[in-house]
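What follows is a short report on a single structure.
Just so it is clear, none of the values below were taken in a lab; they were calculated from the coordinates. Since the model is a prediction, treat every value here as computed from it, not as a measurement. All Cβ positions, even for glycine, are placed from backbone atoms using ideal geometry, and neighbour counts span all protein chains on display.
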Amino acid sequence: MDDQFTSGAISFGATTLFQEVLEHTGPERRKEQRHPRTINITVRPLDRHDNPLSQFAAVTRDVSRGGLSFVSFKQTNSESVAISLEDDDSRMAFCRVCRCQEFRGEDGEQAYLTSVEFLYERYR
């Protein structure tokens, strides 16, 4: 049986493109040490006034003191996002989007690896 990452209504099969993106390595750009963690999160792209435009499910790939990277099936077109744990939106991390890299599977499936820098957090 395949390992599964489940986030909300989305199930990410461990043998798919999603797993390949989780395991992707690239050049080190962070000042702080990365800690591999797969955590279900909710991502909310923000407008220029920090108002949410939409939301989607994602899974973190790694976390550091200064930011994190996550994998999703949605591209982040916004310059900033608010991130919360999937089951608790009372605490949100507001972040600057540093990069969003697209990955394509042989079957045309798309997944995105997005890296963000923590700016501040807000409690509801």
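Using Cβ contacts closer than 10 Å as the measure, can you line up Cys95, Cys100 from fewest to most? Please report the intermediate quantities before stating the final value.
Details: Cys95 23, Cys100 17.
Fewest-to-most ranking of Cys95, Cys100: Cys100, Cys95.
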Item to complete: Hey, can you grab everything whose amide H is under 5 Å from the amide H of Ser64? Only 5+ residues off in sequence or another chain; H modelled, so Pro and N-termini drop out.
Response: His35
Worksheet item: Can you put Phe70, Phe56, Phe103 in order, fewest other beta carbons within 10 Å first?
Response: Phe103, Phe56, Phe70
Worksheet item: Counting only residues 5 or more places away or on other chains, whose amide H sits under 5 Å from the amide H of Ile39 once H atoms are built in the peptide plane?
Response: Thr60
Item to complete: Give the long-range amide H neighbours of Cys98: residues separated by 5 or more places, or on another chain, with amide H under 5 Å away, using H modelled in the peptide plane at 1.01 Å from N.
Response: Ser115, Val116, Glu117
Worksheet, complete the sentence: Here the stretch 51-64 yields Karplus 3J(HN,Hα) values (6.51, -1.76, 1.60; θ = phi - 60°; whole Hz; Gly and Pro given as x) of 8, x, 9, 6, 8, 8, 7, 8, 10, 5, 9, 7, 9, 9
Worksheet item: Considering only Ala57, Cys95, Leu85, whose Cα is most displaced toward the positive end of the charge dipole of the stretch 51-119, charges sitting on Cβ of Lys, Arg (+1) and Asp, Glu (-1)?
Response: Cys95
Discussion item. Apply the Karplus curve 6.51 cos²θ - 1.76 cosθ + 1.60, θ = phi - 60°, to the phi angles in the stretch 65-72 and return the couplings in whole Hz, x for Gly and Pro.
Written reply: 4, x, x, 7, 10, 9, 10, 8
